[in-house]
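**Student:** The structure that follows is given in the form of structure tokens.
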Amino acid sequence: MNNEELENSLRTEIDNYLRTAVADLQSEIIAIQDKVNAEMERSRNNIEQVLQEASSRDGVTKIDDDFARLVAEHLQIAREDSANAINKVHEEEAAQNADGFVVMRDAVNDISNQISQAEILKTLVKHAASFASRGALFIIKSEHLVDWRIFGSEK
């Protein structure tokens, strides 16, 4: 496998990893949004039920318009706060992904700048430690184990 094939393979793996990470984040955000919407709907239904019980119990036939407007405003504020919190989490995760991409890009560039196979593999192991807590690289030639390197600890 020459340097170009190695680089293309690494780029493909990086792209696949980033796509999976972004898809997972999007799924989490959608799940959070669904939970927030369900909770808001549940709260609205509870408030409506309490208001109906209060009006029937006291013989009140009409809820004060100002009170109803106040409740609606509080629900709207809660919904906006939830949306802002979700957006903030999304922005923070996007920033973390961008940082990860920069590290990955720098690792690929560093590996690409190496001349010998030994330097390429040493650089690959060094940068792999940024993405995994531990790992191993085995070098096999003609179905024989030639060398190996590990990184990380067993903690």
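The values are calculated or read from the model by the stated rules, or taken from the named source; none is laboratory data. This one's a predicted model, so the numbers in the text were calculated from it and none came from an experiment. Methodologically, a virtual Cβ is constructed for each residue, glycine included, from the backbone with ideal geometry; neighbour enumeration extends over all protein chains shown.
**Student:** SER43 passes all but one of (1) at pLDDT 85 or above; (2) within 19 Å of HIS127 (Cβ to Cβ); which number fails?
**Tutor:** SER43 satisfies every listed condition except (2).
**Student:** Could you give me the residue pairs with C-beta distances under 8 Å whose first residue belongs to region 109-121 and is in contact (Cβ under 8 Å) with a residue 60 or more places away in the chain, whose second residue is surrounded by 13 or more Cβ atoms within 10 Å (Cβ to Cβ) and assigned to a loop (DSSP other than H, G, I, E, B) wherever it lies, and which are 6+ apart or on separate chains?
**Tutor:** Listed by first residue and then by second, the contacts come to ILE120/GLN114.
**Student:** Mind listing whichever residues of region 1-44 are within 22 Å of ASN87 (Cα to Cα), free of Cβ contacts under 8 Å to residues at least 24 places away in the same chain and small (Gly, Ala, Ser)?
**Tutor:** The answer is ALA23, SER27, ALA31, ALA38.
**Student:** Taking the criterion of being outside any helix (DSSP H, G or I), exposed (fewer than 14 other Cβ atoms within 10 Å of the Cβ) and either on the phi < 0 side of the Ramachandran plot or assigned by TED's automatic domain parsing to the domain that holds HIS127 (or both), would at least one residue in region 80-87 satisfy it? Walk me through how you get there before you give the answer.
**Tutor:** First, pick out the residues of region 80-87 that are outside any helix (DSSP H, G or I): none.
Looking for residues that are outside any helix (DSSP H, G or I), exposed (fewer than 14 other Cβ atoms within 10 Å of the Cβ) and either on the phi < 0 side of the Ramachandran plot or assigned by TED's automatic domain parsing to the domain that holds HIS127 (or both), one finds none in region 80-87, hence no.
**Student:** Please pick out the residue among SER133, SER116, SER112 that is among the hydroxyl-bearing types (Ser, Thr, Tyr) and touching a strand residue (DSSP E or B) at 6+ places or on another chain (Cβ under 8 Å).
**Tutor:** Numbers: SER116 fails: touching a strand residue (DSSP E or B) at 6+ places or on another chain (Cβ under 8 Å); SER112 fails: touching a strand residue (DSSP E or B) at 6+ places or on another chain (Cβ under 8 Å).
Only one candidate qualifies: SER133.
**Student:** A further question follows. Please verify whether ASN109 is under 26 Å from ARG19 (Cα atoms), of a type in the set (S, T, N, Q), at pLDDT 80 or above and outside any loop (DSSP other than H, G, I, E, B), treating the condition exactly as stated.
**Tutor:** Working: under 26 Å from ARG19 (Cα atoms): yes; of a type in the set (S, T, N, Q): yes; at pLDDT 80 or above: yes; outside any loop (DSSP other than H, G, I, E, B): yes.
Taking the combined requirement at face value, the residue satisfies it.
**Student:** If you scan region 130-155, which residues turn out to be small (Gly, Ala, Ser) and either under 16 Å from SER9 (Cβ atoms) or surrounded by 13 or more Cβ atoms within 10 Å (Cβ to Cβ) (or both)?
**Tutor:** Taking region 130-155 as the starting set, the residues that turn out to be small (Gly, Ala, Ser) are 130, 132-133, 135-136, 142, 152-153.
The answer is GLY135, and nothing else.
**Student:** Further, regarding this structure: In the set GLN96, GLN114, which member is modelled with pLDDT of 85 or more and either out of contact with any Gly (no Cβ under 8 Å at 6 or more places or on another chain) or assigned by TED's automatic domain parsing to the domain that holds THR20 (or both)? Before the answer, list the steps.
**Tutor:** On the way: GLN96 fails: modelled with pLDDT of 85 or more.
On inspection, the qualifying residue turns out to be GLN114.
**Student:** Shifting gears a bit: Determine whether region 39-49 contains at least one residue that is out of contact with any Gly (no Cβ under 8 Å at 6 or more places or on another chain), assigned by TED's automatic domain parsing to the domain that holds ASN16, part of a helix (DSSP H, G or I) and hydrophobic (A, V, I, L, M, F, W, C).
**Tutor:** Yes, region 39-49 contains at least one residue that is out of contact with any Gly (no Cβ under 8 Å at 6 or more places or on another chain), assigned by TED's automatic domain parsing to the domain that holds ASN16, part of a helix (DSSP H, G or I) and hydrophobic (A, V, I, L, M, F, W, C).
**Student:** Kindly check whether there is at least one residue in region 97-114 that is farther than 30 Å from ALA136 by Cβ and of a type in the set (Phe, Trp, Tyr). Full working, then the answer.
**Tutor:** Here is the first cut: in region 97-114, the residues farther than 30 Å from ALA136 by Cβ are none.
The answer is no, given that none of the residues of region 97-114 is farther than 30 Å from ALA136 by Cβ and of a type in the set (Phe, Trp, Tyr).
**Student:** All but one of (1) surrounded by 14 or more Cβ atoms within 10 Å (Cβ to Cβ); (2) within 26 Å of the chain's Cα centre (by Cα); (3) not assigned by TED's automatic domain parsing to the domain that holds THR20 hold for MET104; which doesn't?
**Tutor:** For MET104, the exception is condition (3).
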